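The block underneath contains the structure these notes are about, expressed in structure tokens.
Bear in mind these aren't lab numbers, they're just calculated from the coordinates by the rules spelled out. Predicted model, so just to flag it, every value in this text is computed and none were measured. Every residue, glycine as well, gets a Cβ built from its backbone with ideal geometry; the counts of neighbours run over all protein chains shown.
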Amino acid sequence: MIDSSAEAQTPAAAARKTLWAWTVATFFGAGLLKPGPGTWGSIAAAILWAGFAFLAHPTHIMLLFALLAAVALALIPGIPAATIVARESGRPDPGFVVIDEVAGQWIALLFCPADWGHAIVALVLFRLFDILKPPPARQLERLPAGWGIVFDDVAAGLYALGVASLMRAFLHL
């Protein structure tokens, strides 16, 4: 019987890991942090967003396009990476796969002004929707392999984006 835990891999099993897929799926190791690897993946995404927003001082439209590009860069290799890592780990939706949280968090930040208050609201809303998985997010988990791993978090990101945008519009945050 093969032990599917990431910590208890034999050297032979570790050698069978597809390095690029594990690097992408765990978002450069953020998914290996404990507790709550999904939260660590979301925090890593928010920190990268903040680094770009606060250091590069982009216009709102530049920040939006940079985030759209980042989402694409997370999704395009992220879906196959999640598929490979799920297969190699023997788990249908490994908790240490966090590229889905990264993409979802960046979606939640799409129209966010470049300040910590709005970023924290987007982070909390995304984590809330990622945990609760309101319909159809829960149903998207049934998609095959990496598609199901990733797209429930895309839906959570869209929910968070919508609620955060409504809060900014109606509460003048």
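Odds and ends about this structure:
- Residue, surrounded by the most Cβ atoms within 10 Å (Cβ to Cβ), within the range 113-129, restricted to residues that are touching a residue at least 60 places away in the same chain (Cβ under 8 Å) and either out of contact with any helix residue (DSSP H, G or I) (no Cβ under 9 Å at 6 or more places or on another chain) or within 18 Å of Ala70 (Cβ to Cβ) (or both): Phe126
- The range 135-154, residues that are part of a helix (DSSP H, G or I), free of Cβ contacts under 8 Å to residues at least 24 places away in the same chain and touching a Gly at 6+ places or on another chain (Cβ under 8 Å): Leu140
- Options Pro136, Pro92; residue that is in contact with a helix residue (DSSP H, G or I) (Cβ under 7 Å, 6 or more places away or on another chain), surrounded by fewer than 19 Cβ atoms within 10 Å (Cβ to Cβ) and within 18 Å of Leu32 (Cα to Cα): Pro92
- Boolean, Leu73 is free of Cβ contacts under 8 Å to residues at least 24 places away in the same chain, surrounded by fewer than 16 Cβ atoms within 10 Å (Cβ to Cβ) and either closer than 22 Å to Asp130 by Cβ or under 18 Å from the mean Cα position of the chain (by Cα) (or both): yes
Yes/no matrix, rows are residues, columns are (1) within 27 Å of Ile61 (Cβ to Cβ); (2) hydrophobic (A, V, I, L, M, F, W, C):
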position	(1), (2)
Gly104	yes, no
Ala119	yes, yes
Trp147	no, yes
Ser165	yes, no
